[in-house]
Amino acid sequence: MDNFIWPHKDLLDVDDLTPDQLLHLLNTAEQFQEVNSRAVKKVPTLRGKGVVLFFAENSTRTKTSFDIAGKRLSADTFSLAKSGSSLNKGESLKDTALTLEAMSPDIIVIRHSSSGAAAFLAERLDCSIINAGDGWHAHPTQALLDSYTLRRFWRDQGQEMRGKTLLIVGDVAHSRVARSNIKLLNIMGVKVRLFAPRTLLPRGVDTWPVEVFDNLEKAVSGVDAVMCLRLQLERQAAGLLPNISEYASRFCINKRLMSLAAPGAPLLHPGPMNRGVEVASDMADSANSLVLDQVNAGVAVRMAILFLFGTRRDTIQPA
Amino acid sequence: MNDKKLFLQGLTRPNDDQNDARRYDLLIGNGKILAFGPSGSFEAPADAVPEKTDGCLLLASLIDAHTHLREPGFEYKEDIRSGLAAAAHGGFGAVLAMANTRPVNDCAPVTRLMLDKATLHHPHGPFLHPVGALSIGLEGSELAPMGELAEAGVKAISNDGRPVRNNELFRRAMEYAATWGLIVIDHCEDPDLSNGVQMNEGPQSTRFGLKGQSTVGEALQVARDILLSEYLDLPVHLAHISCRQSVDLIRWAKSRGVKVTAETCPHYLLLDDSLLAAYDTRFKVSPPLRGKSDVQAMLEAVNDGTIDILVTDHAPHAAHEKEVPFDEAPNGFIGLETALPLTLDLVRQGLLRADRLEELWCRKPAEIFKLRHNSFKPGDPADFILVDPQSAWTVDTSSIHSKSLNSPWLGLELRGKVVGHWLGGYKIIG
């Protein structure tokens with residue numbers, strides 16, 4: 001790998017990066033994927049670096065993924081969950097952040113329920129901030145691992161990612177996954193379709209570079225991939241849905257719907273899945289499901305991110 | 001002091017024509033206007049003391065019909081002493097202070113405490129006019145004792161900050177307030193359509209991932225108030241109007257002769273929701289900054305008289321309260337000391353007619369809330385300010401008299417400074 005100067009302190013969303021930098025990041029992840037298939041899955045790249053995993057909102061998979069990614073790069077990872085943190089004792093985010101920084105980490109990975117929380121830290125701290133999901137705003141590492149997964153999937157079939165069409169189904173309004181994915185897929189040259197009941201589509205979605213459908217069967221027809229979003233059960237309580245079973249019976253992605261897509265079209269889901277709600281169980285387990293590939297890619301992509309941001313001031317090589 | 005005659009010469013007046021060099025002279029004595037007219041149109045008596053006023057802009061002292069002075073209860077944000085000092089330096093000789101204090105201003109003792117503090121710290125003004133709560137504790141369930149509040153000295157009734165969901169209660173409040181000669185000021189915001197909102201709803205809220213309030217959230221209550229006002233034939237005053245839908249409704253109501261008046265704030269004429277890109281909580285306010293087309297509609301409405309008055313909605317908050325993630329931050333910003341320079345800037349940019357300045361900031365608020373004001377006619381109270389319209393100053397801790405600095409203009413340079421402020425002939429600034 002040639003030397004690539006990484007000019008960014010923080011990763012707040014995918015559009016912080018230029019298309020060249022995004023490709024470099026994905027290519028770097030490919031190299032780390034190889035590390036993950038070795039018998040000894042560890043390289044010394046980030047030895048002596050400290051990575052704080054500050055998860056102020058519940059998360060198991062993203063946090064574990066970052067933790068494994070950090071450890072495989074020999075970084076020291078430290079976890080801080082909201083329960084057990086002083087945030088529960090009334091400490092402000094500012095003070096928690098300053099306290100963390102005083103312990104000299106190189107990177108803080110933050111997950112927070114407030115949109116803009118990662119930017120809030122980035123503005124105030126000198127260490128790198130990696131956004132692992134802020135409110136409804138952005139989830140860049142998820143979008144990156146999704147594009148990584150799709151790029152590999154199509155490449156294995158001798159196909160280009162550019163020019164493909166992908167449908168995102170579900171609660172777009174409250175989804176940081178959808179927001180970051182729409183931005184990144186556009187940069188990657190993928191045409192994005194959206195389908196959701198109107199209550200789960202955000203106001204102003206017509207200004208996005210997407211095609212919005214009001215009929216799921218039409219939306220899924222001929223698409224090259226389908227990305228299903230998790231339906232948060234609290235949307236019913238908020239009055240956005242009459243009940244979950246009405247959603248499941250009409251919008252659940254099952255084999256019949258997938259048969260309308262292009263032959264062999266893969267299914268993605270950021271997890272955790274509600275089987276039988278937004279995705280049918282047999283579909284989740286089918287050969288077309290890339291859900292576990294996404295999880296696998298997550299570690300490699302996060303290793304690439306920790307590497308690029310963690311060594312931005314160094315001159316060492318990966319792996 | 002104020003029995004002396006004072007002669008101010010060579011003053012300018014608000015004018016759209018930058019090349020108009022007309023100057024004016026003003027003579028005051030015994031706290032009153034004695035004479036006012038073009039320079040040379042009258043002679044100053046021999047005993048008049050001349051005051052240096054070269055090139056200053058003369059305006060009637062301003063009235064701010066919508067402030068939050070935070071006392072009692074939130075003195076760490078602002079108190080009556082600091083709030084009125086900010087008013088004095090901002091050119092305001094009278095302010096209406098909203099009832100969302102702690103305890104809420106829903107009984108005479110709180111009203112009296114506010115008035116006593118104002119008199120103690122600022123005996124010659126600026127003058128504080130408390131606004132009484134519409135409902136007990138602003139809870140929106142039982143009417144506040146408006147008779148008691150009126151006797152104690154409130155000038156209006158409002159549930160500001162806590163919109164009234166119950167239409168029946170709002171109707172009864174308008175009727176009962178009328179018994180005491182009080183007007184109801186309504187903070188128009190449908191509570192259900194505004195639940196948990198952080199900013200204006202639209203492409204920007206979708207981009208930033210923040211829950212948005214539709215303009216319908218405001219306009220729906222504007223419509224309710226207009227219909228009640230027409231039906232009851234009673235006045236209603238609509239607070240901080242921010243969007244096109246609302247001004248369209250108000251324009252329609254006025255064309256029907258409904259007794260509705262409305263206010264907006266300088267920020268709804270100057271700022272839009274694209275400014276929230278960096279999640280800067282200084283821009284978080286209720287109602288939220290709207291889209292560009294709403295800003296345009298507000299400017300039209302202020303110029304054509306659909307909007308009757310300007311107010312600051314001065315809402316101080318301590319630094320630590322605003323330095324939090326966006327959805328945790330309180331709404332509002334300070335405005336008493338930035339309002340006049342911002343308004344002058346609108347005039348300079350040609351966005352606001354100069355002849356609207358005193359109407360919006362003085363004559364009309366005085367008429368709506370039955371307050372004294374100065375029209376520069378002999379016998380009027382000598383309540384006026386002198387402004388150096390070119391003087392540039394930076395909004396920061398050294399220039400602001402308010403206890404809080406939560407301003408979108410913090411660190412920025414504004415043009416126009418109050419260099420003299422007289423109330424009843426007393427010089428309170430300068």
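Only the coordinates and a few stated rules stand behind these numbers; no lab work does. Computed from a prediction, not measured in an experiment: that's the story for all the values here. Note: ideal-geometry Cβ built from the backbone for every residue, glycine included; neighbour counts use all protein chains shown.
With a 10 Å Cβ neighbour count serving as the proxy for reagent exposure, in which order, fewest first, do B:K32, B:K77 appear? Show your work: numbers first, answer last.
Working: B:K32 17, B:K77 24.
Lowest count first: B:K32, B:K77.
Helix B:292-304: angle to the longest alpha-carbon principal axis of chain B, degrees 0 to 90, nearest 10?
Here the helix axis deviates by roughly 50 degrees.
What is the packing order of peptides B:40-49, B:266-275, A:135-144, B:173-182, taking the mean over residues of other C-beta atoms within 10 Å and listing the highest first?
Numbers: B:40-49: 11.9, B:266-275: 21.3, A:135-144: 26.6, B:173-182: 18.6.
Those peptides, ordered most packed to least, come out A:135-144, B:266-275, B:173-182, B:40-49.
To check you understand DSSP bridge types, tell me what percent of the beta bridges within the range B:61-369 (both residues inside) are antiparallel, rounded to 5. All intermediate terms of the calculation are to be shown ahead of the outcome.
On the way: 1 of 26 bridges.
Once the DSSP bridges in the range B:61-369 are tallied, antiparallel ones form about 5 percent.
Evaluate Rg over Rh across the range A:140-291, taking Cα atoms for both radii and Kirkwood's formula for Rh.
Working: Rg = 14.3 Å, Rh = 15.3 Å.
Using Cα coordinates only, the ratio equals 0.93.
Can you bin every Cα-Cα distance in chain B into 20 Å intervals starting at zero and give me the percent of pairs per bin, rounded to whole numbers?
The distribution over chain B is 27, 59, 14, 0, given as percents.
Residue by residue, what Karplus-based ³J(HN,Hα) values in Hz, rounded to whole numbers, does the range B:420-429 have, using 6.51, -1.76 and 1.60 with θ = phi - 60° and x for Gly and Pro?
x, 9, 10, 10, x, x, 7, 8, 9, 9
When you count, for each residue, the other Cβ atoms within 10 Å and take the mean per peptide, how do A:195-207, B:279-291, B:253-265 rank with the highest first?
Numbers: A:195-207: 17.8, B:279-291: 23.4, B:253-265: 20.0.
Answer by packing, highest mean first, reads B:279-291, B:253-265, A:195-207.
Counting every Cα pair in the protein assembly as shown, what percent are over 53 Å apart?
Details: 67584 of 280126 pairs.
Pairs farther apart than 53 Å: 24 percent.
Please work out how much length the chain gains when fully extended from A:T60 to A:E211, using 0.36 nm per residue of separation minus the C-alpha to C-alpha distance, in nm with one decimal.
On the way: separation 151, 0.36 × 151 = 54.36 nm, distance 3.26 nm.
Extending this stretch completely gives an extra 51.1 nm.
When averaged across all projection directions, what area in nm² does the alpha-carbon convex hull of the range B:121-199 cover? Don't jump to the answer; show the numbers that get you there.
Values: hull surface 27.1 nm².
One quarter of the hull surface, i.e. the mean projection, equals 6.8 nm².
Just the Cα atoms of chain A: what Rg and Dmax do they give in Å?
Cα only, chain A: 19.4, 56 Å (Rg, Dmax).
Contour minus end-to-end for B:A278 and B:Y76, with contour as 0.36 nm per residue of separation and end-to-end as the Cα-Cα distance?
Working: separation 202, 0.36 × 202 = 72.72 nm, distance 2.70 nm.
Stretched fully, the B:A278-B:Y76 segment lengthens by 70.0 nm.
Step through the residues of the range A:271-280 one at a time and calculate ³J(HN,Hα) from phi using the Karplus curve (6.51 cos²θ - 1.76 cosθ + 1.60, θ = phi - 60°), rounding each to whole Hz and writing x for Gly and Pro.
x, x, 7, 9, 4, x, 9, 8, 9, 6
Quick one: dipole size for the protein assembly as shown, taken about the Cα centre, charges +1 on Lys/Arg Cβ and -1 on Asp/Glu Cβ, in debye to the nearest 20. Each step should come with its number before you reach the end.
Numbers: 80 positive and 91 negative charges, 333 e Å.
Charge dipole, the protein assembly as shown, about its Cα centre: 1600 debye, nearest 20.
Which entries of A:K218/B:K284; A:K63/B:K211; A:K41/A:K94; A:K94/A:K191 show an alpha-carbon separation above 30 angstrom in the structure shown? Present the calculation step by step, with values, prior to reporting the outcome.
Working: A:K218/B:K284 40 Å; A:K63/B:K211 26 Å; A:K41/A:K94 36 Å; A:K94/A:K191 39 Å.
From the list (A:K218/B:K284; A:K63/B:K211; A:K41/A:K94; A:K94/A:K191), the Cα-Cα distance tops 30 Å for A:K218/B:K284; A:K41/A:K94; A:K94/A:K191.
Restricted to Cα positions, what overall size does the range B:313-364 have along the principal axes? Three whole-Å values, descending.
Principal axes ranked by extent give 41, 23, 16 Å for the Cα atoms.
What residue among B:L234, B:P325, B:F7 has its Cα farthest toward the positive end of the dipole of chain B, where the charges are +1 on Lys, Arg and -1 on Asp, Glu, each on the Cβ?
The one lying farthest along the dipole's positive direction is B:F7.
Extending each Cα 7 Å along its Cβ direction at A:R312 and A:R250, get the distance between those two points in nm, one decimal.
4.5 nm
Hey, if you put +1 on the Cβ of every Lys and Arg and -1 on every Asp and Glu Cβ in the protein assembly as shown, which of B:I307, B:Y76, B:A46 ends up farthest toward the positive end of that dipole?
Towards the positive end, the residue furthest out is B:Y76.
So how many Lys-Lys pairs in the range B:291-430 land under 20 Å Cα to Cα, not counting same-chain pairs under 8 apart? Present the calculation step by step, with values, prior to reporting the outcome.
Details: B:K322/B:K403; B:K364/B:K377; B:K377/B:K427; B:K403/B:K417; B:K417/B:K427.
Taking the range B:291-430 as the scope, the lysine pair count is 5.
Can you give the Rg and Dmax of the range B:90-235 based on its C-alpha atoms, in angstrom?
Every Cα atom of the range B:90-235 included, Rg and Dmax give 17.0, 50 Å.
Set Lys and Arg Cβ to +1 and Asp and Glu Cβ to -1, take the dipole of the range B:92-199 about its Cα centre, and tell me which of B:L115, B:S135, B:G147 lies farthest positive.
B:L115
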